[in-house]
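Visitor: I'd like to ask some things about the structure below.
The values are calculated or read from the model by the stated rules, or taken from the named source; none is laboratory data. Not measured: the values here are computed from a predicted model. Cβ atoms come from the backbone with ideal geometry, glycine included; neighbour counts cover every protein chain shown.
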Amino acid sequence: MKKILCLLLVVALMVSVVGCAPAAQQPAPPPAAEIQKIEISMATAFAEAHIVSDVAKKFKELAEAKSNGNVKVNLFLAGAMGNEEDIMKAVTAGAIQGQTGGGIPINAYAPPFYFLDTPFVMKDWNHIMAIWNGELGAKMLASMEAAGNTTLAAPIYRGLRHFTSKKPVVTPEDLKGIKLRLPVLPTWVAVWTEVGASTVPIPLGELYTALATGVADASEGDLTQIHGFKLNEVQSHLSLTGHLVSLGLISFNTKWLNGLNEKTRNLVLESAKEAAAWGSSQMKAKEEQVIKDLERLGMTVVQADRAAFLNKGMPAIERLFNTQFRVTTLKEVQSYAK
């Protein structure tokens, strides 16, 4: 019954947004030299203190300023429109125009390219950008538009992902007996299961509650997720595993975007790219400070043996390249790293 009520709520929210977002009606565009008067609904499931929420706010600031008020951006932060999956589906359906969030849309609509957001595959942010700006990236963007009606406007650096728990986690052996909360992503479950964790797939919005109630004992996430969800209140240790270069996205409904005239569409995309670049720069500058803040809030910070985790998880990564990520090879992907 609870699940049915949640689904009805999501549908009601979508209907409400459609009713209040005239941009989705796609009126005949004015001459290309003019900026259209439009409203954009931009949603995220992440906490207001998270970097992808900051990017959404920056996009609003830029788009409204560049358009001299012709563009209005309505923000729905901290899960106001549901969890990541709900928001992704709402953008695809055109119930809302845009979103900022994680790499889940790639997993849903372009799964062969999801190696970009899979644990222990990508070396650093430059490695991700080399793929994004190359032939593989172009194929991924085209696949997203065709399968998901979603235009990935720009990537966002969310920082390295680390491990939180109620005891130090330094090697894979320390995972014994720990229930690890993961996003509902089979690829991540496969890798962490190989490493030795007992995984519990739980949506982001239920993260804090799951840890507080013992449904899960540990989590992994980027630093602003750990800080923004106040996991220091329910987890005592931060283990610096650096197991994933966390990829964020700012994206839009493709049909809606293509229905804008050229000048308005360019303004939207340029504002998105500028906001994403700003957010990435902000995250790079403050990663060390967030670690210090978490330590100040009571978390014990330990350095994990990343190589040990990577070696333990490699068989699962190799299987994923042989089954799901068949647009490329692990060797080719590694060749983009410098």
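Visitor: What residue, among those in the range 89-104 that are assigned to a helix (DSSP H, G or I) and among the β-branched types (Val, Ile, Thr), is surrounded by the most Cβ atoms within 10 Å (Cβ to Cβ)?
Guide: First, the residues of the range 89-104 that are assigned to a helix (DSSP H, G or I): 89-93, 104.
Checking the rest, the ones that are also among the β-branched types (Val, Ile, Thr) come to 91-92, 104.
Values: Val91: 28, Thr92: 21, Ile104: 22.
Top of the filtered list is Val91.
Visitor: Name every residue in the range 277-310 that is within 22 Å of Leu185 (Cβ to Cβ) and either among the aliphatic types (A, V, I, L, M) or free of Cβ contacts under 8 Å to residues at least 60 places away in the same chain (or both), in order of residue number.
Guide: Correct list: Met283, Ala304, Leu310.
Visitor: I would also like to ask the following. Pick out the one residue from Gly103, Gly79 that is over 17 Å from Asp222 (Cα atoms), in the same structural domain as Ala277 (by TED's automatic domain parsing) and among the small types (Gly, Ala, Ser). Give the derivation first.
Guide: Working: Gly103 fails: over 17 Å from Asp222 (Cα atoms).
Just a single option satisfies the conditions, and that option is Gly79.
Visitor: Same structure again: Filtering the range 201-222 down to residues that are part of a strand (DSSP E or B) and touching a helix residue (DSSP H, G or I) at 6+ places or on another chain (Cβ under 7 Å), which residue is farthest from Glu173 (Cα to Cα)?
Guide: Taking the range 201-222 and keeping what is part of a strand (DSSP E or B), we get 201, 218-222.
Filter once more, so that each one left must be touching a helix residue (DSSP H, G or I) at 6+ places or on another chain (Cβ under 7 Å): 201, 219.
Numbers: Pro201: 21, Ser219: 16 Å.
Here the answer is Pro201.
Visitor: What about Ser239, is it farther than 16 Å from Glu84 by Cβ and surrounded by fewer than 17 Cβ atoms within 10 Å (Cβ to Cβ)?
Guide: It is false that Ser239 is farther than 16 Å from Glu84 by Cβ and surrounded by fewer than 17 Cβ atoms within 10 Å (Cβ to Cβ).
Visitor: Right, next: Please identify the pairs in which a residue from the range 169-195 that is closer than 15 Å to Thr323 by Cβ has its Cβ atom under 8 Å from the Cβ atom of a residue that is of a type in the set (D, E, K, R) and modelled with pLDDT of 95 or more, counting only partners at least 6 apart or on another chain.
Guide: Every condition considered, the pairs that remain are Ala190/Arg319; Glu194/Lys312.
Visitor: Can you pull out the residues in the range 226-265 that are β-branched (Val, Ile, Thr) and in contact with a helix residue (DSSP H, G or I) (Cβ under 9 Å, 6 or more places away or on another chain)?
Guide: Residues satisfying the conditions are Ile226, Val234, Thr241, Val245, Ile250, Thr254.
Visitor: Here's another thing I want to ask about it. Out of all the residues in the range 295-314, which are under 21 Å from Lys230 (Cα atoms) and either touching a Ser or Thr at 6+ places or on another chain (Cβ under 9 Å) or not in a helix (DSSP H, G or I) (or both)? Don't jump to the end; show me each part of the working.
Guide: Step one: filter the range 295-314 for residues under 21 Å from Lys230 (Cα atoms), giving 295-303.
Residues satisfying the conditions are Leu297, Gly298, Met299, Thr300, Val301, Val302, Gln303.
Visitor: Here's another thing I want to ask about it. Does Lys230 fit the bill of being basic (Lys, Arg), more than 30 Å from Ala142 (Cβ to Cβ) and either out of contact with any Lys or Arg (no Cβ under 9 Å at 6 or more places or on another chain) or not assigned by TED's automatic domain parsing to the domain that holds Ala154 (or both)? Give the derivation first.
Guide: Values: basic (Lys, Arg): yes; more than 30 Å from Ala142 (Cβ to Cβ): yes; either out of contact with any Lys or Arg (no Cβ under 9 Å at 6 or more places or on another chain) or not assigned by TED's automatic domain parsing to the domain that holds Ala154 (or both): yes.
Answer is yes for this residue.
Visitor: I've got another one for you. Exactly one of (1) crowded, with 22+ Cβ neighbours inside 10 Å; (2) more than 21 Å from Ile106 (Cβ to Cβ) is unmet by Lys167. Its number?
Guide: (1)
Visitor: I've got another one for you. Taking only the range 143-172 into account, find how many residues are of a type in the set (A, V, I, L, M, F, W, C), over 19 Å from the mean Cα position of the chain (by Cα) and assigned to a helix (DSSP H, G or I). Please lay out each step first, then the result.
Guide: Our first condition is that a residue be of a type in the set (A, V, I, L, M, F, W, C); within the range 143-172, this holds for 144, 146-147, 152-154, 156, 160, 163, 169-170.
Those still in the list that are over 19 Å from the mean Cα position of the chain (by Cα) too: 146, 169-170.
Pick out the ones that are also assigned to a helix (DSSP H, G or I) and you get 146.
Residues meeting the conditions: 1.
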